[in-house]
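None of the figures in this text is laboratory data; all of them are computed from the coordinates on show. Since the structure is predicted, the reported quantities are computational estimates derived from the model, not experimental observations. As a convention, Cβ positions derive from the backbone with ideal geometry for all residues, glycine included, and neighbour counts pool all protein chains shown.
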Amino acid sequence: MPKKELLHQGQWGGRMLRVSVRHKELKAYFEQLENPERKTLIRKRKELVEHPFGTIKRTLGFGHFLQRGLEAVGAEFQFSCFIYNLKRVLNIVPLSTLMEALSG
């Protein structure tokens, strides 16, 4: 028998059962959100994590994957992360300093 809290009103009037493989993890996450201190921490983490992905998608033009297959997509994602990190290094460290460090 399904638990009542998992049932919700469906789009077409019937009842639907929400089932997730990660039900325990989601439940723990939402319980943590009830704590105001934890909620602030999670909000801050989301802000820090969203910026690189937004930059990769919009500024660098990696909005979707061109490759197919888990291994190829993983390589493509690693390449886009490398480009993002290289762009950040070039904005922080002058090119002449970087070339000196690489040559000697």
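In table form, for the structure just shown:
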quantity: Close pairs from the range 84-104: first farther than 25 Å from His51 by Cα, partner surrounded by 10 or more Cβ atoms within 10 Å (Cβ to Cβ), Cβ under 6 Å, at least 6 apart; calculated: none
quantity: Helices (runs of 4 or more DSSP H) contained entirely in the range 14-102, each with at least 3 residues that are surrounded by fewer than 12 Cβ atoms within 10 Å (Cβ to Cβ) and over 20 Å from the mean Cα position of the chain (by Cα); calculated: 70-92
quantity: Close pairs from the range 67-80: first at negative phi, partner surrounded by 10 or more Cβ atoms within 10 Å (Cβ to Cβ) and of a type in the set (A, V, I, L, M, F, W, C), Cβ under 6 Å, at least 6 apart; calculated: Gln67/Val73; Val73/Phe65; Glu76/Phe65; Ser80/Ile56; Ser80/Phe62
